[in-house]
Each structure stands twice: as C-alpha cells, then as structure tokens.
1. Looking only at region 200-224, count how many residues are assigned to a strand (DSSP E or B) and open to solvent by 10 Å² or more (accessible area, probe 1.4 Å).
2. Using beta carbons and a limit of 7 Å, which pairs, at least six apart or on different chains, have the first residue in region 109-125 and touching a residue at least 40 places away in the same chain (Cβ under 8 Å) and within 14 Å of GLY192 (Cα to Cα) and the second one among the charged types (D, E, K, R) and open to solvent by less than 10 Å² (accessible area, probe 1.4 Å)?
3. Among the residues of region 249-281, what is the count of those that are modelled with pLDDT under 90, open to solvent by 50 Å² or more (accessible area, probe 1.4 Å) and not acidic (Asp, Glu)?
4. So for region 123-133 (the condition being at pLDDT below 90 and of a type in the set (Ser, Thr, Tyr)), does at least one residue qualify?
5. Cβ-Cβ under 8 Å, sequence separation 6+ or interchain: first residue in region 231-248 and over 17 Å from PHE203 (Cβ atoms) and of a type in the set (Ser, Thr, Tyr), partner open to solvent by less than 50 Å² (accessible area, probe 1.4 Å) and part of a strand (DSSP E or B). Which pairs?
6. Please specify each residue of region 193-206 satisfying the condition of being in contact (Cβ under 8 Å) with a residue 60 or more places away in the chain and closer than 10 Å to ASP246 by Cβ.
7. If a residue has to be among the charged types (D, E, K, R) and assigned to a loop (DSSP other than H, G, I, E, B) to count, how many in region 58-91 make the cut?
8. Could you grab me the full set of residues in region 92-115 that are of a type in the set (A, V, I, L, M) and in a strand (DSSP E or B)?
Amino acid sequence: MGGKKKRKKKRRMRIRGILLGFGILVMAALLFFVIFQTKNIEVTGNDRYTDGEIRRIVEQQEPLSFNTVLLTFFPYRADLSGVPFLETITYEIVSPTTVRAVVEEKVTVGYVEADGQKVYFDGKGIVLECISQEETEAESGTVDSQPLTGEQGEALDSESLPTAKMQSQEYDPDLENIPEVTGLNVTSVTVGESLITEHTEIFGSLEALIRLLDRFSLWPEQVEITEEQEMILHYSGNIRIRLGTDDCLEEKITKLSGILPQLEGMSGELHLEDVDEQSGDVVFSRDIQESEDSSSAS
C-alpha cells in the first residue's frame with residue numbers, strides 16, 4: 001500500500017511539474033510577443049521609394065513583421081519582383097519595439113527611349129521596367145499598339161511590356177537623376193532580360209560611370225555612347241564632357257567635379273579623354289557661336 005501511495009504521489013508531482021513548466025512556457029511566450037511587438041519600422045538606404053512604401057512592403061510581404069526579433073532573425077525574404085528598383089531588404093533590431101529596415105536598391109544605369117516608353121536598365125543591361133511617357137498610359141499600365149522601335153528603327157520585342165506595371169502600380173519610384181543613354185542601338189526589349197545590343201560590354205563601363213557620378217552628385221541629362229564605345233556626358237546649357245573610354249575613369253570624374261561648376265552658362269566641350277594619374281591638363285572648347293557672341297558683346 002505504501003508503495004502505491006508513493007507512486008501516485010510521484011505521478012501527481014510529475015503532472016504538476018509538467019503543468020507548471022507548460023504554464024511558464026506559455027507565460028514566457030506571451031511576454032515574448034508582448035515585449036517584442038513591432039510598433040515602429042525605421043527605414044534607411046532608400047532613394048527610389050519612400051519610407052511609407054518600404055514599410056508597406058515589409059508589412060505586406062513579411063509574415064513575421066509583427067515581432068521585432070522574429071523579423072530580424074527569421075525574415076521571410078519577401079518576393080520583391082513587383083518592386084522593380086528594389087534589390088533586398090534586411091533587418092536590424094533597434095529596440096524591443098523598433099526594427100530598422102535596411103534597403104538596397106538596384107543600381108539603375110539609365111534608360112533608353114522606345115516609342116514613347118522609357119526602358120530602364122541596370123548595370124548588367126537587365127531591363128527593370130518600361131514606363132510610358134504619357135501620364136494616362138503610366139496609370140493604366142498600357143502601351144501603344146504600335147511595335148516598339150530601336151534607335152536604328154528595328155522592331156523591338158514588346159511581349160512583356162504591357163505587364164511591366166502590373167504588380168508595381170502600388171509603388172511610385174522616384175526616377176530623378178537617371179540619365180538617358182543614347183547610341184546603344186537596342187534591337188530587343190524584354191522586361192527581366194538583357195537589352196539586345198551590339199556592344200554588351202559597355203554596360204560594365206556605364207555602371208562604373210554611374211557609381212562615380214552618384215558619388216560626386218554630377219548627374220548628366222544624357223550619356224552618349226559613340227561608335228567607338230566612348231562616352232560623352234551631356235549637361236544643360238549644351239555642355240558636353242568627352243570622357244573617351246573607361247580608362248582612368250575615377251580620375252576623370254574627380255577632375256570633372258572641380259571643373260563643371262565653372263562651366264555654368266557656357267556652351268562647349270570639355271576634353272577629358274587623355275586624363276590619367278599623371279596628366280592634369282584639360283581643354284574646354286567653346287562653341288563657335290558662343291565665341292562670336294562674346295566677341296560682338298565686347
């Protein structure tokens with residue numbers, strides 16, 4: 001009899017221990033979800049999209065966005081295919097109720113124009129999105145029924161263009177400081193695929209150029225690619241910057257950053273083709289018309 005009572009007592013104690021442990025786990029879980037409840041999402045690293053748009057992406061795409069710890073250490077890796085200029089979003093915990101969304105946007109090298117469309121592409125020549133220049137078409141996501149034509153008049157592959165805005169209508173990227181790129185002789189455009197052009201090797205040079213221009217805030221209106229694969233920057237006031245090839249590109253852009261402000265109000269060409277680590281001399285050739293006007297004015 002005594003043995004049975006001891007066994008029953010041990011069983012009751014074991015059950016109590018299990019219930020107590022379960023209760024502690026439940027309380028700990030409740031405290032965890034209460035203490036680490038997401039109340040604020042800070043955003044950093046974004047230029048193309050607003051803080052509000054990034055927060056909306058996080059809240060809609062991340063199932064664990066309600067908890068700062070879970071979101072930071074177990075992100076879902078949201079599908080960002082509907083947000084074409086966004087690369088990744090990672091998370092850092094700032095406080096029990098605040099998480100920081102660290103945004104990495106795609107490097108948009110420029111755009112080419114094709115039958116009323118601005119075709120934006122990255123440093124590998126991948127088409128990110130095609131946006132109509134007409135406001136009504138941009139809102140509806142439709143494009144003109146005429147076949148797209150390239151810079152030499154070839155018909156472009158427009159199969160995916162009508163659906164380029166299908167998933168991204170909710171977001172309105174800031175597309176300032178993205179120059180037009182001319183001279184690529186594009187023959188085919190498909191969203192998500194590389195631009196078909198004669199000289200695909202120029203994309204690497206363009207990406208390096210855009211990164212340097214971004215560093216110095218020297219955004220041109222246009223980047224022209226010549227037949228010899230040399231680059232010319234076009235700024236307002238008809239200022240052309242001849243860079244030549246991508247040799248010593250950093251030295252050239254550094255030199256440009258000190259000279260460009262001095263060219264305001266002028267018209268002509270700045271020759272940086274031969275700038276290298278040793279050479280510092282550059283030549284600015286004023287346009288003939290401007291020189292004549294200056295002479296007559298004096």
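The values are calculated or read from the model by the stated rules, or taken from the named source; none is laboratory data. Remember, predicted model here, so these are calculated numbers, not experimental data. So basically every Cβ, Gly included, is an ideal-geometry build from the backbone, and we count neighbours across all protein chains shown. Ligands, DNA and RNA are stripped out before the accessible areas are found, and what is left, the full protein with its side chains, is counted by its heavy atoms. Shrake-Rupley method; radii C 1.70, N 1.55, O 1.52, S 1.80 Å.
1. Within region 200-224, residues that are assigned to a strand (DSSP E or B) and open to solvent by 10 Å² or more (accessible area, probe 1.4 Å) number 2.
2. Note: pairs meeting the criteria are TYR120/GLU129.
3. Of the residues in that region, 2 qualify.
4. yes
5. Close Cβ pairs satisfying both conditions: TYR235/ILE241.
6. GLY204, LEU206
7. 3
8. Scanning region 92-115 gives ILE93, VAL94, VAL99, ALA101, VAL102, VAL103, VAL109, VAL112, ALA114.
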